[in-house]
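Student: I have a structure here, written as structure tokens, and I will follow up with some questions on it.
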Amino acid sequence: QRVGGEPLREFRKFRHSEAMLSFNDAFDEKDMEEWQGRFEKLSLGAKKSGYYCELKIDGLAIELVYKNGVLDIGATRGDGITGEDVTQNLKTIEAAPLKLQVTNYKLPSTLVVRGEVFITRKEFARINREQEKAGLKIYANPRNLAAGSVRQLDPAITRSRKMDSYAYALKTDIGQITHEEEH
């Protein structure tokens, strides 16, 4: 089932097994060199030989922890070390599988999926039309609405906003999966 029982009173803290780093803006070569220096300090074994580039989805960073293929915990990035357990809300997002189904491959006992949850422009416009029709304040931007939606104590509110999700990293109890292996 996608949505459970009663609204929560508060979210429990969740400590990530490995830091979730955030993106920084870089506008010139000096910014990139400074970023690379910080990255190499934070990520032991980082290679200077190249980077893997992907789309930047402007949403809220999340971590989904699957145990034996079943979603166990869904958490926000928080400060990168400690986030909030928002499993109940992330279960309302259809793009976030509750159970992983694979063929011809044995899943590791623990699989961590990192990604973003976001609200599409079309959905953002729909929500704001409803807000306006009800005489309520319209939302400023989809990113802030996505973040606020995931942090609702009532999962029915999260579900009503029809959020989407994009996964960008996989980690397992047997090691990190490279981007080449992910695709």
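The values are calculated or read from the model by the stated rules, or taken from the named source; none is laboratory data. These numbers come from a predicted model, not from an experiment. Neighbour counts run over all protein chains shown; Cβ positions are idealised from the backbone, glycine included. SASA here: full protein model, heavy atoms, side chains in, ligands and nucleic acids out. Shrake-Rupley method; radii C 1.70, N 1.55, O 1.52, S 1.80 Å.
Student: Can you compute the FRET efficiency between Met32 and Ala95 using 1/(1 + (r/R0)^6), with r the Cβ-Cβ distance and R0 = 25 Å? Round to the nearest 0.05.
Tutor: In this case the efficiency is close to 0.20.
Student: A follow-up question, please. Among all the lysines, which ones have a C-alpha under 23 Å from Lys67's C-alpha, if same-chain residues fewer than 8 places away are not counted?
Tutor: Within the straight-line cut-off, Lys67 pairs with Lys13, Lys91, Lys99, Lys106, Lys171.
Student: Report the equivalent ellipsoid semi-axes for the range 59-162 in whole Å, largest first, defined as the square roots of five times the eigenvalues of the gyration tensor built from alpha carbon atoms.
Tutor: 29, 14, 11
Student: Tell me the carbon and sulfur percent of the accessible area for the range 91-165, rounded to whole percent, probe radius 1.4 Å.
Tutor: Using a 1.4 Å probe with all protein chains present, the range 91-165 comes out at 51 percent carbon and sulfur.
Student: Can you find, among Leu136, Pro155, Thr120, the residue farthest towards the positive end of the dipole of the range 120-160? Put +1 on the C-beta of Lys and Arg, -1 on that of Asp and Glu.
Tutor: Comparing the listed Cα positions along the dipole, Thr120 ranks first.
Student: Quick check: net charge around Lys122, other residues with Cβ under 14 Å of its Cβ, Lys/Arg +1 and Asp/Glu -1?
Tutor: +2
Student: What does the highest-first list of 148-155, 93-100, 10-17 look like by mean Cβ count within 10 Å?
Tutor: 148-155, 93-100, 10-17
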